[in-house]
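Below is one structure, written out as structure tokens, with a few remarks after it.
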Amino acid sequence: MKKTVLSILFGLMIVPFALGQGYDIGDEAMNFRLKNVDGSYVSLSDYQDEKGAIVIFTCNHCPYAQAWEQRIIQIDKQFDPKGYPVVAIQPNDPELAPGDSFENMKKRARKKNYTFPYLMDETQEVYRTFGATATPHVYVLENEGKDFIVRYIGTIDDNYKDADKVEKKYLAGAVNALLKGEKPEPQKTKAIGCSIKDKKK
């Protein structure tokens, strides 16, 4: 019985990517300036010398974010040297999700040895502008003449439960396509994860 209830509750946290909200493929992403867990501030414009950036809205407490966490680290290790570093952004209001406070973000980043910046979207303006609906929610941006253009939106792969059983690596496939000068296929997938905690919702 306990297992069934937990399964139901877990299932209710699945939030599909909503079409028509925030950015679409081909849109130019806003420049942002957010506080990193090391106390510095990071802007999208800091990556103007890169081929692009992988922006991932994620958090501490969400089981989906935790399930994909190690794969996000591996994605950064794989693609940062190729010009597509990961930029992680925590979009939740910590009053609604205390586990996602800035102090807890710092602890999580240290514990898991994050290889990428982990930024706090304190005003929640950035996630709303992007149109993120879940944690994790991925946006692959291609640098075109210092403008960051959205090329892929959605999920990381097709199996959050087990990395060994992944059949479709959507995020890696999208970045590899861009590195070859091709369009990602698919360009959009459903972002599956926990809903973003926002008092305005």
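The values are calculated or read from the model by the stated rules, or taken from the named source; none is laboratory data. Worth saying up front: this structure is predicted, and the values here are computed from it rather than measured. Ideal geometry is used to build each Cβ from the backbone, glycine not excepted, and the neighbour counts take in all protein chains shown.
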In region 126-147, the residues that are aromatic (Phe, Trp, Tyr) and not in a helix (DSSP H, G or I)
139
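So that you can scan it fast, the table gives a plain yes or no per residue for (1) under 15 Å from residue 25 (Cα atoms); (2) not charged (D, E, K, R):
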site: 96; (1), (2): no, yes
site: 100; (1), (2): no, no
site: 118; (1), (2): no, yes
site: 138; (1), (2): yes, yes
site: 149; (1), (2): yes, yes
site: 153; (1), (2): yes, yes
site: 158; (1), (2): no, no
site: 161; (1), (2): no, no
site: 187; (1), (2): yes, yes
Examine region 181-192 for a residue that is surrounded by fewer than 18 Cβ atoms within 10 Å (Cβ to Cβ) and without any contact (Cβ under 8 Å) to a residue 12 or more places away in the chain, and state whether such a residue exists.
yes
When residue 51 is evaluated against the numbered criteria (1) under 24 Å from residue 120 (Cβ atoms); (2) at pLDDT 95 or above, which criterion, by number, is the only one it fails?
(1)
Suppose we filter region 82-109 for residues that are over 26 Å from residue 141 (Cα atoms) and of a type in the set (A, V, I, L, M, F, W, C); how many remain?
2
Among (1) in contact (Cβ under 8 Å) with a residue 60 or more places away in the chain; (2) farther than 22 Å from residue 126 by Cβ; (3) surrounded by fewer than 17 Cβ atoms within 10 Å (Cβ to Cβ), the one test that residue 164 misses:
(1)
Quick check on region 80-96: of everything there that is buried (at least 21 other Cβ atoms within 10 Å of the Cβ) and out of contact with any Asp or Glu (no Cβ under 8 Å at 6 or more places or on another chain), which residue is farthest from residue 62 (Cα to Cα)?
87
For region 83-120, which positions are in contact (Cβ under 8 Å) with a residue 60 or more places away in the chain, touching a helix residue (DSSP H, G or I) at 6+ places or on another chain (Cβ under 6 Å) and outside any loop (DSSP other than H, G, I, E, B)?
118, 120
Select from region 22-46 the residues that are among the hydrophobic types (A, V, I, L, M, F, W, C) and surrounded by fewer than 13 Cβ atoms within 10 Å (Cβ to Cβ) and list them in ascending order.
30
Does residue 75 qualify as being under 20 Å from residue 173 (Cα atoms), in contact (Cβ under 8 Å) with a residue 40 or more places away in the chain and not charged (D, E, K, R)?
yes
Of all residues being small (Gly, Ala, Ser) and touching a Ser or Thr at 6+ places or on another chain (Cβ under 7 Å) in region 102-158, which is surrounded by the fewest Cβ atoms within 10 Å (Cβ to Cβ)? Just the residue, please.
154
Test each condition in (1) in a helix (DSSP H, G or I); (2) modelled with pLDDT under 95; (3) aromatic (Phe, Trp, Tyr); (4) buried (at least 18 other Cβ atoms within 10 Å of the Cβ) for residue 17 and report the one that comes out false.
(1)
